[in-house]
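Structure first, then comments.
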Amino acid sequence: MLTSIKNHNLQYETQKLGMMYFRVAIILFGAQLLMGLIAAIQFMYPSFLYGIFDFSVARMVHINALVVWMLYAMIGSVYYMIPDETGLEAVGIKLGKLAFWVLTLAITIVVLVFIFIQIGPGDDSTIWLINEGREYLEAPRWADYGIVVVVLIFYYNVFFTFLKGRRTGVMTVMVANLLALAGLYLAGMFFTDNISVDQYWWWWVIHLWVEATWEVFVGTLAAYALIKIIGAKREIVEMWLWIEVLMLFGSGILGLGHHYFWIGTPEYWWEIGALFSALEPVPLVAMFVHVLYDWGKEQGAHGEKPAIKNGPAMAWIVTNAFGNFLGAGIWGFFHTLPQVNIYTHGTQFTAAHGHLAFFGAYATILIGMMYLGIQGAYGIDRMKATFKSKMAIFLITFGVLGMAVALTIAGYEQVLVERAELGGGWDAFFTAQNLVWMKQAMGWRTVMGVVTFIGFIYLVWDLLTIGKEESENNQ
Ligand code: HEM
Ligand code: HEM
Ligand SMILES: [Fe+2]
């Protein structure tokens with residue numbers, strides 16, 4: 001399907017490889033949303049597909065597809081950036097292409113096993129072949145090792161091309177950050193029977209990815225994209241980038257403590273987690289100001305509206321600045337103090353934050369990068385948003401915001417009824433699940449999920465057609 005996108009304007013094989021990653025990413029994004037819809041319907045009608053495709057399976061594929069499409073889009077973005085930043089083709093481009101196919105084959109097998117085999121006897125063979133059972137990282141162990149090999153090839157390409165080529169600030173941060181990002185994956189490969197120890201390391205991957213290394217990654221993408229789209233000055237975006245890196249790591253690393261409140265880790269984590277995680281919104285404000293400042297500055301420089309070279313990409317990047325601050329910063333801050341978290345922990349409030357943060361901080365900018373890719377692939381000088389681009393960004397953003405509001409209401413009900421009033425036991429959980437506020441919230445979540453999905457259809461349609469339409473308009 002997406003192969004109809006032309007690559008002929010891209011001079012570098014590395015950028016074509018980036019586009020291949022984008023294609024798989026968008027397919028997996030679609031799969032993620034479909035699984036979310038199934039899981040949402042199961043919340044309302046628990047017997048829906050029961051015994052055939054249980055909630056546990058739909059939910060698992062939903063969040064694993066999320067992680068994997070984001071990894072694909074991230075790798076795609078890096079391959080796309082490499083020639084622009086370093087001035088060179090990736091040193092091991094052939095190996096890079098091979099790795100793409102190996103990874104894609106492996107992911108296909110894992111997904112098919114998730115969907116059709118689903119569960120095993122629960123012994124070692126299950127862990128090796130079917131499912132490792134760590135939320136977000138459920139891939140079976142054989143795939144774990146495979147992923148490490150593929151990522152090593154990717155990193156080899158990034159690192160050695162960087163050494164050979166131009167060494168920009170953006171690439172310097174990118175290279176160092178990717179090493180941390182890939183290294184952290186190994187923390188999710190500690191195998192132990194002790195659930196506290198297991199969770200302890202698992203959070204290294206989950207938290208330190210999304211609140212440290214992925215955030216820095218987004219900083220580098222925003223820096224690169226702002227240079228490309230509005231011609232922002234490199235010295236300025238790179239200065240911001242260094243400040244953000246410093247702050248993100250400063251608060252994000254010890255902010256890890258907000259997951260160590262109730263898993264059997266020592267109590268000093270209450271104070272550490274409270275303090276440092278409460279500081280986490282600060283760098284997110286900086287990232288927000290950064291995008292708007294650069295945009296405003298370019299506007300001032302020309303005394304008119306800045307020439308936005310890529311309308312849809314810019315719209316998604318501005319949405320990213322807002323969304324990151326709102327979903328991660330505000331919704332994260334709400335429940336990050338132990339005094340609050342003791343009531344909100346593991347409620348739908350967490351899911352509200354999870355949706356808004358992953359969408360706002362990552363989905364948005366990665367979609368923006370795909371639009372940059374299309375622009376390059378068609379060699380369009382100035383790509384304007386089409387009606388479909390606008391429908392896509394409006395419906396997807398509105399849908400996800402709507403879902404987050406519904407989930408926040410559901411979480412609030414859980415806090416008040418299940419936790420505060422009834423004390424949080426097994427019965428309390430079911431009482432809260434069956435109250436009308438919860439049911440209505442779950443209904444609205446499904447409706448907003450459908451809105452999101454319609455937006456996704458517009459997005460795919462736009463990505464498939466905007467290049468051709470806009471290159472004709474430009475002639
Ligand atoms: C883009 C960045 C972020 C993403 C993608 C993200 C995503 C998530 C997700 C998916 C969970 C649920 C994990 C699970 O399944 O157990 C979670 C939990 C949590 N997040 Fe974030 N988050 C981000 C940033 C933040 C920030 C900046 C804060 C605080 C200021 C924060 C505070 C929390 C807390 C306290 C929890 C635990 C919730 C509970 O106890 O149930 N997050 N986050
Ligand atoms: C069609 C739209 C979507 C629907 C209907 C949907 C539905 C769901 C459902 C039912 C769950 C399970 C919640 C639970 O266990 O209580 C879930 C979890 C999750 N979804 Fe979605 N989702 C959608 C889109 C998205 C998007 C766009 C993202 C991020 C970009 C996302 C990220 C997540 C995450 C991170 C979790 C785990 C949350 C947690 O453990 O706290 N979903 N989703
Ligand atoms: Fe966290």
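For region 285-413, the Cβ-based charge dipole about the Cα centre amounts to some 340 debye (Lys, Arg positive; Asp, Glu negative; other atoms uncharged). A Förster radius of 41 Å combined with the Cβ-Cβ distance from ASP427 to PHE159 puts the calculated FRET efficiency at roughly 0.15. A dipole drawn for region 329-475 from +1 and -1 charges on Cβ atoms has a positive end, and of GLY368, ASN341, VAL415 the residue lying farthest that way is GLY368. Basic side chains Lys and Arg get +1 at the Cβ, acidic Asp and Glu get -1 at the Cβ, and with that the dipole of the chain about its Cα centre reaches some 1480 debye. For LYS439 and LEU186, a Förster radius of 56 Å and the Cβ-Cβ distance give a FRET efficiency of 0.85, rounded to the nearest 0.05. Region 46-68 and region 204-220 have Cα centres spaced 26 Å apart. Taking label positions 7 Å along the Cα-Cβ direction at both LYS97 and ILE109, the computed distance is 2.3 nm, reported to one decimal.
Highest average first, the peptides 122-133, 73-84 ordered by how many other beta carbon atoms sit within 10 Å of their residues are 73-84, 122-133. By its C-alpha gyration tensor, with a ≥ b ≥ c as the square roots of the eigenvalues, how is region 150-265 shaped: rounded for a/c under 1.5, else prolate for a/b larger than b/c, else oblate? Note, shape of region 150-265 comes out oblate. Remark: for residue pairs LYS390/LYS468; LYS16/LYS228; LYS97/LYS384; LYS164/LYS468; LYS94/LYS468; LYS16/LYS233, the C-alpha separation exceeds 25 Å in LYS97/LYS384; LYS164/LYS468; LYS94/LYS468; LYS16/LYS233.
Ranked by how many other Cβ atoms sit within 10 Å of their own Cβ, fewest first, the residues PHE217, PHE116 fall in the order PHE116, PHE217. Under the rule a/c < 1.5 gives rounded, and otherwise a/b versus b/c splits prolate from oblate, where does region 329-475 land using the Cα gyration tensor? Cα axes put region 329-475 in the prolate bin. Helical runs (DSSP H, four residues minimum) scored at -39500 (n - 2.57) apiece and divided by the length of the chain put the mean residue ellipticity at 222 nm at -24500 deg cm²/dmol.
Whole-Hz Karplus values for region 347-352 come out as 8, 5, 4, 4, 5, 4 Hz, taken residue by residue from phi with 6.51 cos²θ - 1.76 cosθ + 1.60 and θ = phi - 60°; glycine and proline positions read x.
Ranked by the mean number of other Cβ atoms within 10 Å of their residues, highest first, the peptides 92-101, 324-333 come out as 324-333, 92-101.
Using alpha-carbon positions, what is the distance between the centroids of region 87-155 and region 157-182, in Å? So the two Cα centres are separated by 24 Å. Using 0.36 nm per residue and subtracting the Cα-Cα separation, the extra length available between ILE117 and PHE394 on full extension is 96.0 nm.
Projecting the Cα atoms of LEU186, ILE153, LEU129 onto the charge dipole of the chain, computed from C-beta unit charges around the Cα centre, puts ILE153 farthest toward the positive end. Once backbone amide H atoms are built at 1.01 Å from N, MET383 has ASN310, GLY311 as its partners under 5 Å, excluding neighbours fewer than 5 places away on the same chain.
Between TRP461 and SER125, the distance separating the two model label sites (each 7 Å from Cα on the Cα→Cβ line) works out to 4.8 nm. In this rough spin-label picture, where each label sits 7 Å from Cα along the Cβ direction, the TRP142-ILE330 distance is 4.7 nm.
Ordering of 47-59, 360-372, 276-288 by packing is 360-372, 276-288, 47-59, highest average first (other Cβ atoms within 10 Å, averaged per residue). Mind checking the dipole of region 14-166: about its Cα centre, +1 per Lys or Arg Cβ, -1 per Asp or Glu Cβ, Debye to the nearest 20? For region 14-166, the charge dipole is close to 540 debye. Whole-Hz Karplus values for region 43-52 come out as 5, 7, 10, x, 8, 4, 6, 4, x, 9 Hz, taken residue by residue from phi with 6.51 cos²θ - 1.76 cosθ + 1.60 and θ = phi - 60°; glycine and proline positions read x. The Cα atoms of the chain give a gyration tensor whose axes a ≥ b ≥ c have a/c under 1.5, which makes the shape rounded. With 0.36 nm allotted per residue and the present C-alpha distance subtracted, the ILE195-ILE272 stretch has 25.5 nm of extension available.
Computed from the coordinates by the stated procedures, all read-outs in this text should not be read as laboratory data. Small disclaimer: the values here were computed from a predicted structure and weren't measured. Using ideal geometry, Cβ is built from the backbone for each residue, glycine included, and neighbour counts are taken over all protein chains shown.
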